[in-house]
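The values are calculated or read from the model by the stated rules, or taken from the named source; none is laboratory data. Since we're looking at a predicted model, the values are computed, not measured. Ideal geometry is used to build each Cβ from the backbone, glycine not excepted, and the neighbour counts take in all protein chains shown.
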């Protein structure tokens with residue numbers, strides 16, 4: 001599910017603001033925003049964000065080869081994690097757990113870098129903050145180690161803001177954020193947004209309540225079964 005919310009302080013439609021949510025299933029891929037720590041679920045830090053930060057240090061201090069070595073080691077660990085995730089069924093759980101343990105040990109050893117310079121110390125500090133959420137994705141089949149796709153989905157709202165100049169009021173911005181959330185969730189579930197909105201409005205006229213996406217999905221499934229039976 002994709003959520004968008006109007007942020008009063010910035011005047012923009014952004015990701016939702018978090019108080020405290022309980023996601024008992026699934027994996028939440030997050031950036032370094034501390035508010036995500038309030039979400040009760042398994043989390044994976046976005047490695048695209050983290051690697052981008054390290055590259056900025058690398059480019060700013062090209063003479064420090066230790067930064068390049070650290071960056072390449074971290075990227076290699078992530079790629080080995082992606083490979084391990086893909087072959088989990090082939091190698092079996094026992095071998096998978098053993099290799100995952102070794103992978104985590106490699107990460108731990110890398111963070112205990114011998115005699116790092118001051119710049120590398122700062123980088124290691126940033127990575128250590130994310131350490132519990134760096135290899136979570138390996139244990140979730142098909143899960144990415146980044147949230148690039150999620151950011152691509154909310155790009156629609158960013159483009160709309162650039163073209164129209166934003167919403168006139170907070171109420172209009174919130175209404176747009178709700179529609180954007182519904183649209184993107186329909187896209188993820190491969191549901192026609194116009195058809196869903198049409199049925200939801202009909203349901204609202206009859207009952208005074210909008211039709212939930214789950215209800216609409218069940219409605220589509222029943223309709224499809226009826227057509228096949230006929």
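If we keep just the residues of segment 133-159 that are assigned to a helix (DSSP H, G or I) and modelled with pLDDT of 90 or more, which is farthest from residue 97 (Cα to Cα)? Steps first, please.
Going through segment 133-159, the residues assigned to a helix (DSSP H, G or I) turn out to be 133, 136-139, 148-153, 155-159.
Narrowing the set further to residues that are modelled with pLDDT of 90 or more leaves 133, 136-139.
Details: 133: 17, 136: 13, 137: 14, 138: 10, 139: 9 Å.
Within segment 133-159, the match that is farthest from residue 97 (Cα to Cα) is 133.
For residue 176, all conditions in the list (1) modelled with pLDDT of 85 or more; (2) part of a helix (DSSP H, G or I); (3) surrounded by 16 or more Cβ atoms within 10 Å (Cβ to Cβ) hold save one; what is the number of the exception?
Going through (1) modelled with pLDDT of 85 or more; (2) part of a helix (DSSP H, G or I); (3) surrounded by 16 or more Cβ atoms within 10 Å (Cβ to Cβ) one by one, residue 176 breaks only (1).
Of the residues that sit in segment 209-230 and are outside any helix (DSSP H, G or I) and within 30 Å of residue 160 (Cβ to Cβ), which one is farthest from the chain's Cα centre (by Cα)? Even if it seems obvious, please write down each step before you answer.
Our first condition is that a residue be outside any helix (DSSP H, G or I); within segment 209-230, this holds for 209-212, 230.
Keeping just the survivors that are within 30 Å of residue 160 (Cβ to Cβ) gives 209-212.
On the way: 209: 30, 210: 28, 211: 27, 212: 23 Å.
The residue in question is 209.
What do you reckon, is residue 90 in contact with a strand residue (DSSP E or B) (Cβ under 6 Å, 6 or more places away or on another chain) and closer than 25 Å to residue 141 by Cβ?
Working: in contact with a strand residue (DSSP E or B) (Cβ under 6 Å, 6 or more places away or on another chain): no; closer than 25 Å to residue 141 by Cβ: yes.
Spelling it out, it is not the case that residue 90 is in contact with a strand residue (DSSP E or B) (Cβ under 6 Å, 6 or more places away or on another chain) and closer than 25 Å to residue 141 by Cβ.
Of the residues 27, 50, 78, only one is at pLDDT below 95, surrounded by 15 or more Cβ atoms within 10 Å (Cβ to Cβ) and either farther than 29 Å from residue 189 by Cα or out of contact with any strand residue (DSSP E or B) (no Cβ under 8 Å at 6 or more places or on another chain) (or both); which? Steps first, please.
On the way: 27 fails: either farther than 29 Å from residue 189 by Cα or out of contact with any strand residue (DSSP E or B) (no Cβ under 8 Å at 6 or more places or on another chain) (or both); 78 fails: at pLDDT below 95.
Of 27, 50, 78, the one residue that is at pLDDT below 95, surrounded by 15 or more Cβ atoms within 10 Å (Cβ to Cβ) and either farther than 29 Å from residue 189 by Cα or out of contact with any strand residue (DSSP E or B) (no Cβ under 8 Å at 6 or more places or on another chain) (or both) is 50.
Exactly one condition in (1) within 18 Å of the chain's Cα centre (by Cα); (2) assigned to a helix (DSSP H, G or I) is not met by residue 100; state its number.
(1)
Can you pull out every residue in segment 197-219 that is surrounded by 11 or more Cβ atoms within 10 Å (Cβ to Cβ) and over 27 Å from residue 155 (Cα atoms)? If you could, list the steps in order and put the result at the bottom.
Taking segment 197-219 as the starting set, the residues that turn out to be surrounded by 11 or more Cβ atoms within 10 Å (Cβ to Cβ) are 197-204, 210-213, 215-219.
Listed by number, the residues that qualify are 202, 203, 204, 215, 218, 219.
So residue 194 fits all but one of (1) under 22 Å from residue 155 (Cβ atoms); (2) over 21 Å from the mean Cα position of the chain (by Cα); (3) surrounded by 10 or more Cβ atoms within 10 Å (Cβ to Cβ); what number is the exception?
(3)
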